[in-house]
Structures are given as C-alpha cells and as structure tokens.
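Okay, so here's the structure we're looking at.
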Amino acid sequence: MAPADPSTHEHEWRASQNMPPLSREDLVSIAVAGLGTAAVILIALVSAGGEHGHYSVVTIARTLIATGILLINMAHVVGILFFESVDYHGPFQHFIARLSTFGTAGAIVVSLAIGLL
C-alpha cells in the first residue's frame, strides 16, 4: 500500500499527530452531530417535564428519536474518523458526513414538529 500524500492535506486540520486530518466538511458534520444530538436529547427531556411514569405519546416519540439520532451520529463520527485515518475521500465518506449533518437537522425538525400535533 502506498503511503498517503501529505500534499493533499493542505485544506485539512489536524488536532494532533495522533488524529487524522479533518476537512471542513468533517468538522462541520461532527459539530452538528454533537450539538444536534444534545438539542434532540434536551427536547426529549423538556417534553418529559416533571411527569413520573405517565409519559405522553409525544414524549415517547421524542425519546425514541433522541436515542436513534444518538446511535446514528456516534456511528457516523466513528465512520468519518475511520475514513480519514486511511485517507479515503470517496463518495461514502461524503455521504456519511452529509447524512449526519442533514439527518440531525431533520431529527430536530421532526422532534419539534410532533409536539405541535
């Protein structure tokens, strides 16, 4: 296997020598995944309120959305780091980064919208 060409990483940021270089798209998708997951979890927590044992359908749906988006985003961030660690910049890497970004935004919108029903 040929070594990676360091000249192709001029527009990428590396936190340390132990981390793979990350492009702007990677950093944005990781940030959106982290902040968006926190937002969806907070929406679910606020929906639960002070209820103890008597949760509404909206609260249960928001909790399931928060759990799902947490698991999906954890897998996507790990996937992005794995792809960058082997210097892969193909269509699957871009697909995972975009899916994480737009999927998280969609989950926030859906979680807020079901409360309006």
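The values are calculated or read from the model by the stated rules, or taken from the named source; none is laboratory data. Computed from a predicted model, the values in this text were never measured in an experiment. Counting neighbours? That spans all protein chains shown, and the Cβs are built from the backbone with ideal geometry, glycine included. These area figures cover heavy atoms from the full protein model, side chains too; ligands, DNA and RNA do not enter into them. Shrake-Rupley method; radii C 1.70, N 1.55, O 1.52, S 1.80 Å.
Things worth noting here:
- Scanning the range 1-47 for residues that are open to solvent by 80 Å² or more (accessible area, probe 1.4 Å), at pLDDT below 90, in a helix (DSSP H, G or I) and farther than 15 Å from residue 85 by Cα gives a single hit, 24.
- Scanning the range 85-117 for residues that are over 16 Å from the mean Cα position of the chain (by Cα) and either within 23 Å of residue 20 (Cβ to Cβ) or open to solvent by less than 70 Å² (accessible area, probe 1.4 Å) (or both) turns up 85, 86, 87, 88, 89, 90, 91, 113, 114, 115.
- Every pair of residues 6+ apart whose Cβ atoms lie under 8 Å, when the first sits in the range 26-42 and is under 9 Å from residue 100 (Cβ atoms) while the second is outside any helix (DSSP H, G or I): 30/22
- Scanning the range 76-92 for residues that are in contact with a Ser or Thr (Cβ under 9 Å, 6 or more places away or on another chain) and assigned to a helix (DSSP H, G or I) gives 76, 77, 79, 80, 84.
- Residues satisfying the stated conditions in the range 59-77, i.e. among the aliphatic types (A, V, I, L, M), within 8 Å of the chain's Cα centre (by Cα) and open to solvent by less than 30 Å² (accessible area, probe 1.4 Å): 69
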